[in-house]
Amino acid sequence: TSGEPLRLPVFVARGAQEGPTVAVLGGVHGDEYEGPHAIRTVFSSLDPASLSGTFVGVPQTNPPAFAAGTRTSALDGLNLARVFPGSPDGQPTEQIAHHLSESIIAKCDFLIDLHSSGTLWSMPTLVGYNARESDAGRRSGEAAMAFGAPVVWGHPDIARGRTVTEAADRDIPWLYAECPGGGWLHLDSAALYARGVRNVMPHLGMLPGP
């Protein structure tokens, strides 16, 4: 609304071998800190020589909300997790959703969205997946078990406007994760998220090991 450009940092590690592209999103809400920390941890641990495919991490997908420490954007009051696929000509949050949809989600083979409970909610640590009877659903379910969260939650359906529904509409398998949150960074949850992503990558054939 001020005319200032919004910049989204994107971390890309391209492997020496061909393989799938996994996109990992964090900070869809501005009061979620474990996902951004985990994405930076995973990115810094990757060796392109042993990587097959491409890791794309967007640690902070909602800079206006992050700057305010709030669930919704301080620019337009919108919730980024409710406006996908967004609009190139809409409010700032809708424009962010549009660019994430077209530049990140549409170009990946697997999507992982790392959330937390933020300041207003309380949830167990869990991984959710697409439980529809489809190839994308089967692949989502298998990856959910590889992730390693204490709670695994299958969703035959999920509310519109989210990153994962945008992926589902494109037949892209997906996972999302939640953890207790509270408005500050829980390093144990962030470490579990980083391990979870690192567990999924060999499952997808991107890294060596089980």
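Calculate how steeply helix 34-45 sits against the longest principal axis of the alpha-carbon atoms of the chain, using the helix alpha-carbon long axis, and give the answer as 0 to 90 degrees to the nearest 10.
50
Could you give the distance between the Cα centres of the range 133-154 and the range 1-64, to the whole Å?
That distance is 21 Å.
Work out, step by step, the length gained on full extension between E102 and L187: first 0.36 nm times the residue separation, then minus their alpha carbon distance; give nm to one decimal.
Length gained, E102 through L187: 27.4 nm.
Shape verdict for the chain, please, from the Cα gyration tensor: rounded (a/c under 1.5), prolate (a/b greater than b/c) or oblate.
rounded
For L6, project a label point 7 Å along Cα to C-beta. Then give me every residue of the range 106-122 with its amide nitrogen under 20 Å of that point.
Once the point is set 7 Å along Cα→Cβ of L6, 106-107, 112-116, 118-119 turn out to lie under 20 Å by backbone N, inside the range 106-122.
Nearest 5 is fine: what % of DSSP beta bridges in the range 123-210 come out antiparallel, could you say?
45
Keeping the other protein chains in place, figure out the carbon and sulfur percent of the accessible area of the range 1-93, with a 1.4 Å probe.
Details: 2130 of 4020 Å².
Carbon and sulfur atoms account for 53 percent of the accessible area of the range 1-93.
Does the range 83-160 come out rounded, prolate or oblate by the C-alpha gyration tensor, with a ≥ b ≥ c the root eigenvalues, rounded set by a/c under 1.5 and, if not, prolate when a/b is larger than b/c and oblate if not? Intermediate values should be presented prior to the final figure.
Values: a/c = 2.27, a/b = 1.38, b/c = 1.64.
In terms of gyration-tensor shape, oblate.
Measuring from label point to label point, each 7 Å out along Cα→Cβ, what is the S50 to D157 span in nm?
Going by the 7 Å Cα→Cβ label model, 4.5 nm.
Among G90, G30, G57, which one moves the most in a GNM of the chain with springs linking Cα atoms closer than 10 Å?
Residue with maximal mean-square fluctuation among G90, G30, G57: G90.
Specify the angular offset, from 0 to 90 degrees and rounded to the nearest 10, of the alpha carbon long axis of helix 92-103 from the longest principal axis of the alpha carbons in the chain.
It is inclined by approximately 20 degrees.
Over the heavy atoms of E4, what accessible area does a 1.4 Å probe trace out, to the nearest 10 Å²?
For E4, solvent-accessible area is about 140 Å².
How large is the accessible surface of D47 in square angstrom, using a 1.4 angstrom probe and rounding to the nearest 10?
Result for D47: roughly 80 Å² accessible.
Relative contact order (percent) for the range 95-210, with alpha-carbon contacts under 8 angstrom and 6 or more residues of separation?
Relative contact order of the range 95-210: 35 percent.
Nearest 5 is fine: what % of DSSP beta bridges in the chain come out antiparallel, could you say?
Rounded to the nearest five, the antiparallel share is 30 percent.
How do the peptides 194-203, 177-186, 148-157 rank, highest first, by the average count of neighbouring beta carbon atoms within 10 Å per residue?
194-203, 177-186, 148-157
Relative to the first principal axis of the alpha-carbon coordinates of the chain, what is the inclination of helix 187-203, with its axis defined by its Cα atoms, in degrees from 0 to 90 and to the nearest 10?
Long axis of 187-203 versus the principal axis of the chain: about 50 degrees.
Once the convex hull of the C-alpha atoms of the range 35-114 is built, how many Å³ does it hold per residue, rounded to a whole number?
Expressed per residue, the convex hull around the Cα atoms of the range 35-114 is 92 Å³.
The values are calculated or read from the model by the stated rules, or taken from the named source; none is laboratory data. Fair warning: this is a prediction, and the values are worked out from it, not measured in the lab. FYI the Cβ positions are ideal-geometry reconstructions off the backbone, even for glycines, and counts take in every protein chain you see. Quick note on the areas: whole protein, heavy atoms, side chains included, nothing else; ligands and nucleic acids left out. Shrake-Rupley method; radii C 1.70, N 1.55, O 1.52, S 1.80 Å.
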